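Trainee: Could you have a look at this structure, given as structure tokens, before my questions?
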Amino acid sequence: SVLGVSGIDRAMAYLVATGTGFRLGELKSLCPENFDLDSDPPTVAVSAAYSKHRRRDVQPIRIDLAEIIRPWLENKAAGESVFQLPDKAARMINVDLRCARARWIKEVASKAQRRLRLKTDFLKTTDHDNRVCDFHALRHTYITRLVRSGASVKVCQDLARHSTPMLTIGRYAHTRLHDLTHAL
């Protein structure tokens, strides 16, 4: 348990965040009733009181994510938040990243491989460009994946629930050298 949050609940929070683009406050507001896993497509709704734009937001999710959520959600009490997350989730994600990185480094047999892994930014909380992996980075991941999927700018903007495409593409979508090369 990290900060009183069980491992499965932390994992589910990360999955739902990267599968919906929801902000921390929006995730913390979710009750079982906010999930409609039997609709086509399955959806998760944020009540207007918790949405940044003060409107009810219904977000479609992938079917495979709905199937992962379904059994976990069965044990959650109606009317109560499914995520008991800390107000500042940065510490929680930092602890999880440090633990995952340590396991990743230890899993290789040779010292040479471990030294190579130690030199990388993989699973670090801050990379060599000083970019920080915090809970909000999961929203950036969601939007970057949307853009990489080839979805139109308008679809990405709507799924990100942004008022302008410039915010979606300019601030939240990130490219790598591979993305640039693929475009060529």
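Trainee: Taking only C-alpha pairs under 8 Å that are 6+ residues apart, what is the relative contact order of the chain in percent?
Mentor: RCO, the chain: 20 percent.
Trainee: Sort 79-87, 148-156 by the packing proxy (mean of other Cβ within 10 Å over each peptide's residues), most packed first.
Mentor: Ranking the peptides 79-87, 148-156 by packing returns 79-87, 148-156.
Trainee: Distance check, please: which entries in Lys88/Lys119; Lys76/Lys106; Lys28/Lys124; Lys52/Lys76; Lys28/Lys154 exceed 31 angstrom between their Cα atoms?
Mentor: Lys76/Lys106
Trainee: Using a Gaussian network model of the chain with C-alpha springs under 10 Å, which one of Thr43, Thr164, Thr20 is most mobile by mean-square fluctuation?
Mentor: Largest GNM mean-square fluctuation: Thr164.
Trainee: Now, a different point. As a test of the formula, what do you get for the chain when each DSSP H run with n ≥ 4 contributes -39,500 (n - 2.57) and the sum is divided by the residue count, at 222 nm and rounded to the nearest 500 deg cm²/dmol?
Mentor: Calculated mean residue ellipticity at 222 nm is -13500 deg cm²/dmol.
Trainee: Using a 1.4 Å probe, what is the accessible area per residue for the chain, in Å²?
Mentor: Per residue, the chain has 60 Å² of solvent-accessible surface.
Trainee: Keeping all protein chains in position, work out how much accessible area Arg23 exposes to a 1.4 Å probe, and write it in Å² to the nearest 10.
Mentor: Here the residue's solvent-accessible area equals roughly 40 Å².
Trainee: Another question about this same structure. If you roll a 1.4 angstrom probe over the protein chains with everything in place, what fraction of the accessible area of the chain belongs to carbon and sulfur, to the nearest %?
Mentor: Accessible surface attributable to carbon and sulfur in the chain totals 56 percent.
The values are calculated or read from the model by the stated rules, or taken from the named source; none is laboratory data. Everything numeric in this text was worked out from a predicted model, so none of it was measured. Quick reminder, even Gly has a Cβ in these numbers, built from the backbone with ideal geometry, and neighbours come from all protein chains shown. Only protein heavy atoms, including side chains, enter the accessible area calculation; ligands, DNA and RNA are left aside. Shrake-Rupley method; radii C 1.70, N 1.55, O 1.52, S 1.80 Å.
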